[in-house]
Amino acid sequence: METVPLFDLTGTPVLAPAPAVVVEPVAAAPAPPPKAKPLFEVIVRGLPAPQGSKRHVGGGRMIESSKNVTPWRGSVTTYAVQARQRRRGFVKLTEPLIADMVFAFDRPKGHFGTGRNAGKLRPSAPRRPHGVPDLSKLVRSTEDALKTAGIYQDDALIVAFGQVGKWFTTDHGTVPDVLDSPGCLIRLWPAESSAVSG
């Protein structure tokens, strides 16, 4: 195939324009319709704790590595049962779900200044809690506790996540759904009302 050089009106050769690059957008997590109401919503107060890592204690017995997972699961179960009981006619969920879980943690004292800077965040303080516990393990312990509370038939019904993340309580009021004390805001949405299909 022969290439044809390009020239401007004066006869000077010019470079051919580069072909346009088409970038496919990455599909975002499905979100419920803005005016939809969640099938279930609860605020859980307490220190979120992970589930998943176990350690061997002898005699073929394994226990959770996190000493805080039992109290956290107990808090989720208690608050979820109370929320379920307040909803007249609530029936255990059996349909595909989208889950929101916004975890809030207090900042360590080391994130704040001292003396005349007491109460002010240090410039070096991280924006988000990016250390342990793992977000996936927090979700796992919370999902299991919701099943124990009778909110849904099985946590396998969660087919997608909407808003899931770890934040500091100092973000309360500036970041939507972040609590003012340690805990988690949980919402369950019907997957059929969004872009997710079974």
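The values are calculated or read from the model by the stated rules, or taken from the named source; none is laboratory data. Predicted model, so just to flag it, every value in this text is computed and none were measured. No Cβ is skipped: glycine too gets one built from the backbone with ideal geometry, and neighbour counts run over all protein chains shown. To get the accessible areas, we keep the full protein, side chains included, count just its heavy atoms, and leave off ligands, DNA and RNA. Shrake-Rupley method; radii C 1.70, N 1.55, O 1.52, S 1.80 Å.
Computed from label points 7 Å out along Cα-Cβ, the spacing between Thr169 and Arg107 is 1.3 nm. Distance between the 7 Å Cα→Cβ label points at Thr148 and Ala160: 3.0 nm. Lysine pair count for segment 78-198 with Cα-Cα distance under 16 Å and sequence separation of 8 or more or different chains is 4. Across every pair of non-identical alpha carbons in segment 133-198, the mean reciprocal distance, once inverted, gives a Kirkwood radius of 13.5 Å. Legend: residues Ser141, Ser124, sorted from most to least accessible area (1.4 Å probe; ligands, DNA and RNA excluded), read Ser124, Ser141. Take Glu192: with every protein chain present and a 1.4 Å probe, its accessible area is about 110 Å².
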